[in-house]
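This report concerns only the one structure given below.
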Amino acid sequence: MPRIYIDGLPYEADSRQTVMEVAAANGIVLPGFCWHPKLSVAGNCRLCAVQVEGRSWVEISCNMPVAQDLKVLTDSDIVREYRKSILALTTLNHPVDCGICDKAGECLLQDYHYEHNGAPSTSHEVKVHATKFHALSSRITLDNERCVLCSRCVRFTHEISKTKSLGIVQRGDTSLVRASGDGAFETDAYSDNVVDLCPVGALLSRSFLYKSRVWYLKATPSVCPGCARGCAVNLWHRKPEWKLQALDARHNRAIERITPRDNPAVNGPWICNRGRDLAPLFERERATQAICAGFSVATPAAIEGARSLIERARRPVALVSSWASNEELAAFAAALGRHFTVFVKRDREPEPGEVVADDILICADKNPNSTGALANFASAWGPGSTLPEGTDLLLVWGEGFDLAQVPQSLRTIVLDAWKNPGHARADVFIPVSIQTERRGTYTNFEGTVSGFEACFEKDDSVAHAEDLFAALAAANVAAA
Amino acid sequence: MGARLLMNFELTPTSHTLADYRARGGYRAIEKALGEMTPQQVTAEVTASGIQGRGGANFSAGRKWSVVNLSDGQPHYLCANADEGEPGTFKDRWILENAPHLLLESMLIAAYALQVRHAFIYIRGEFDLPWRRISGALEEAYAAGYFGKPLFGTDFVCDLVVYRGAGSYVCGEASGLLSSLEGKRGYPRNRPPRLTVRGLYQRPTVVNNVETLSNIAGIINGGAEAFKATGTKKSPGTRLISISGHINKPGVYEIEPGGAFREFIFDTCGGVPGGRKVKAIIPGGISTKVVTGEEVDRLTLDNEALATVGSGMGSGGMVVIGEGTCMVRLLQVLLRFYHHESCGQCTPCREGMGWMHRIIDRIVAGGGRPEDLEQLKKISAWNDGNTICGMGDAAGYATVGILAKFSDEFEYFIAHGRSRHDGNLECRAST
Ligand code: SF4
Ligand code: SF4
Ligand code: SF4
Ligand code: FES
């Protein structure tokens, strides 16, 4: 375990670490574009240089192995001068039009330039122009003028998503990142990670482009419900203080983008493209109207109706949602578990064209909490499953079950969040809240529990399932 | 001009063939090495000879070899760097065309010393005749059983592949060369680790220049002492010099370091056309700093003497610049080259080369500003030691070297918006 010194302070290091890694592990931020903890060292941006005490030159820290008693300075005169020079070079042909750049507010170059240089350019030459909007795929566009050629995106497709679908063509200051001609970037299920990886505004997500300045947005920590991996994500939506008054109110409840939230235990810093595309799933037309015996009713009336159906039922069956949180499942188990025969239902199956599973992140089970649900209720409802003999009430919670399958004579209670014409067939329908309106936890297929927070308030007519079950059980429990 | 170690036979239409090489005593050094020496002894002999790399960096070849741990259980690789791309440098070409078996035999010896099973020759794509000659020689050598089979009753076997590069300056840089050989983009790699620790396919690899390797057979045949008896104390052996530019007899010459520089230029190479003066000489490829005609007159031709004026023998590519040449235009040509060849991997070189090129273009176009010269020096300094490979530094050396010795010409150009020498790149009488 060598000990090294950074700016005079001692740090324990692993002999396989670089100075950059030791610094990062101890919360010391050394500027740099090309280094990324999950990618190989490229050492091409040259910004992370430090001075080894006693030497009159600088060396890059991302490729500097630690050695016992190595002493590095990160803020000496030489280092400061050197950083200025690198940033002067980096911005030589870079447009620095942060005002219209989608990365402004989260761009490393913008930050470093102000922190470490700030001086106007000494160049009298005309900037070299490059392709402004080059479509790397139908999802990602590339502004070559802003690219600092850090090669993070290229290394990502070689080392992480393994499609090797990006490379660099040409030489010198005409170098350009380009997708390989075989179209592999288009079908790379992880391609959008390069947008987050890109330290500057060169790689732009076409779905987010010019939608919002990031400082108007708030990131709510959440868990992707797209599959049983349960990747940690951030859901970006407008901050309450920046609510739009004039435009359609839906803008204030929109999820503007979904990005990974680094969770070493689950997904590291990556998510798949499917996870980024889930916002429309949340933004489908909501069910807000409770129904009882074919009539629209107020939610309390529907709850009352459901309660009396449950009370009368002798052999009730429940199909619980694998999109439900552990807290909701526990509430169901506590309130109604003993009364019902419970099966865990899959709310979603792979859709045509969707990657079913791979050895990176994507799991074949497209539900976030099958593991949590099955920990509460052991029986799974599968394609061949049938209702037990004598079932007289069916409670269906969530999506993925077609009510048309059940005989008309069977009483049904449906709890769902989104509008579906099938709901009218139910004896009682109660609208419930969705993930973005509540907080809770999911247990992923490996047993890791991750929590998510609420982004928005729910509608008054919608019930939180977690509260609802106690209400449904009130009389029943009393009678038991 | 002294001893001849490489150009020591008469060139005939068949002198490059195996039969002729054997008639000259070829392939006896490998027999000797295998029969009488351990791999360690071969390396010790090479180290004792003091031979320095002939590719430009002048690093001791023996020291490079000694780093390879023969008992590490890994494959080791050997690669001859035949990607001769420094402007003005074409001396390895002579060996590839005229003494290909000397290179092959020497590589067998090196492969034995380094316990290499697979060796490579990475050759510039544009080198057509050299490629045909070395490939033809390799075919002959395979047919004669020197490659691909156990040699001389030992269990030493070596296979060799000739790989043609696509022609990029940076692929002559050892690590860029290996990336290209691996089938990747020819980007140089960061050190550490050194290539002798992690080179081709992440295994210990020795990359040597063609001329360096070609001396090995001679060192084994004649012994380290005999080798050291030629050249100077610090630069033993001979050097191949390719000379071009404003010179009457351009070509490849073998010299023994230590002789008078002036003698080489005027007596051996016939001096400057029209009997004109030498204005300057780039002694060892454009990455070495230029020496003035006045310096040429008083220097000997060796690394030690050249170092006193901040230069060196580099890659042996000598470019003579006769009087009347415009140094501003010359620097423009050099910077155009560096700009064109920068691989674009690291920031200072990628951006700096283009910047320098554009500044000099503007000066030549008559739009120079006094502060431009400082700016050129500053960009050179920003590159110095701060790039992945030596290319960024090299451009700076060339620039700083010319600016230091011919600043008056640049100042004149900027002040008057035109060249003091009419922008000549040809050799003209002084006006
Ligand atoms: S990439 Fe960064 S520095 Fe460049 S224009 Fe965009 S925000 Fe500004
Ligand atoms: S596009 Fe972005 S990530 Fe890719 S090389 Fe350029 S700056 Fe780096
Ligand atoms: S110094 Fe220039 S040629 Fe060398 S790696 Fe950097 S960009 Fe490429
Ligand atoms: S972060 Fe070290 S060179 Fe880019």
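The values are calculated or read from the model by the stated rules, or taken from the named source; none is laboratory data. It should be emphasised that the depicted structure is a prediction, and the values quoted were computed from it without experimental measurement. Here Cβ is always computed from backbone atoms with ideal geometry, including for glycine, and neighbour counts include all displayed protein chains.
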_Residues that are under 25 Å from B:E173 (Cα atoms) and either buried (at least 17 other Cβ atoms within 10 Å of the Cβ) or touching a Gly at 6+ places or on another chain (Cβ under 6 Å) (or both): does region B:36-43 have at least one?_
yes
*Tell me, which strands (runs of 3 or more DSSP E) wholly within region A:250-363 include 1 or more residues that are at negative phi and of a type in the set (S, T, Y)?*
A:257-260, A:295-297, A:316-321, A:341-345
*helices (runs of 4 or more DSSP H) completely within region B:346-419 that count 3 or more residues being surrounded by fewer than 23 Cβ atoms within 10 Å (Cβ to Cβ) and within 13 Å of chain A (Cβ to nearest Cβ)*: B:347-362, B:371-383
*With respect to A:S450, determine if the residue is surrounded by fewer than 22 Cβ atoms within 10 Å (Cβ to Cβ) and in contact with a Ser or Thr (Cβ under 9 Å, 6 or more places away or on another chain).*
no
_Looking only at region A:179-211, how many residues end up being crowded, with 19+ Cβ neighbours inside 10 Å and within 14 Å of chain B (Cβ to nearest Cβ)?_
2
_Subset of region A:165-209 [assigned to a helix (DSSP H, G or I) and either within 16 Å of ligand 1 (Cβ to nearest atom) or on the phi < 0 side of the Ramachandran plot (or both)]_ = A:D173, A:T174, A:A184, A:F185, A:E186, A:T187, A:N193, A:V194, A:V195, A:D196, A:L197
*Does region A:31-54 contain at least one residue that is part of a helix (DSSP H, G or I) and away from ligand 4 (no atom under 13 Å from the Cβ)?*
no
*When residues of region A:76-125 are limited to those that are within 15 Å of ligand 4 (Cβ to nearest atom) and among the aliphatic types (A, V, I, L, M), the one nearest to the chain's Cα centre (by Cα)*: A:L108
*Members of region B:231-255 found to be within 20 Å of the chain's Cα centre (by Cα) and over 18 Å from B:G285 (Cα atoms), listed by number*: B:G231, B:T232, B:K234, B:P236, B:G237
*Quick check, is A:H129 in a loop (DSSP other than H, G, I, E, B), more than 10 Å from chain B (Cβ to nearest Cβ) and at negative phi?*
yes
_Can you tell me which of (1) at pLDDT 95 or above; (2) small (G, A, S); (3) more than 19 Å from B:A29 (Cβ to Cβ) is the one B:A166 doesn't meet?_
(1)
*Can you tell me which residues in region A:156-177 are away from ligand 3 (no atom under 16 Å from the Cβ) and either within 20 Å of A:D102 (Cα to Cα) or not hydroxyl-bearing (S, T, Y) (or both)?*
A:F156, A:H158, A:E159, A:I160, A:K162, A:K164, A:L166
*Check whether at least one residue in region B:178-189 is hydrophobic (A, V, I, L, M, F, W, C) and within 30 Å of A:R16 (Cα to Cα), and report yes or no.*
yes
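This table checks each residue for (1) closer than 25 Å to B:G62 by Cα; (2) touching a Pro at 6+ places or on another chain (Cβ under 9 Å).
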{"residue": "B:G136", "(1), (2)": "no, yes"}
{"residue": "B:R185", "(1), (2)": "no, no"}
{"residue": "B:R189", "(1), (2)": "yes, no"}
{"residue": "B:V197", "(1), (2)": "yes, yes"}
{"residue": "B:T212", "(1), (2)": "yes, no"}
_Can you go through B:L103, B:L108 and tell me which one is under 27 Å from B:I286 (Cα atoms) and modelled with pLDDT of 95 or more?_
B:L103
*Select from region A:111-132 the residues that are away from ligand 3 (no atom under 16 Å from the Cβ) and in contact (Cβ under 8 Å) with a residue 40 or more places away in the chain and list them in ascending order.*
A:Y112, A:E115, A:H116, A:A130, A:T131
_Matching residues, region A:137-159, being more than 22 Å from A:K38 (Cα to Cα), more than 9 Å from ligand 2 (Cβ to nearest atom) and not basic (K, R)_ = A:S137, A:S138, A:T141, A:E145
*For A:Y112, all conditions in the list (1) more than 11 Å from every other protein chain (Cβ to nearest Cβ); (2) away from ligand 1 (no atom under 16 Å from the Cβ); (3) in contact with a Leu (Cβ under 9 Å, 6 or more places away or on another chain) hold save one; what is the number of the exception?*
(2)
*small (G, A, S), within 14 Å of another protein chain (Cβ to nearest Cβ) and either within 16 Å of ligand 3 (Cβ to nearest atom) or crowded, with 23+ Cβ neighbours inside 10 Å (or both), is that true of B:G317?*
no
*asked:* Which numbered condition in (1) touching a Ser or Thr at 6+ places or on another chain (Cβ under 6 Å); (2) among the β-branched types (V, I, T); (3) touching a residue at least 60 places away in the same chain (Cβ under 8 Å) is the only one that A:T157 fails?
replied: (3)
*Selection from region A:19-66 of residues that are within 8 Å of chain B (Cβ to nearest Cβ) and within 16 Å of ligand 1 (Cβ to nearest atom)*: A:C45, A:L47
*Filter region A:11-47 down to the residues that are within 15 Å of ligand 3 (Cβ to nearest atom) and under 19 Å from B:R191 (Cβ atoms), then identify the one that is surrounded by the fewest Cβ atoms within 10 Å (Cβ to Cβ).*
A:V41
*asked:* Quick check on this structure: which one of B:G401, B:G352 is away from ligand 4 (no atom under 16 Å from the Cβ), at pLDDT 95 or above and not aromatic (F, W, Y)?
replied: B:G401
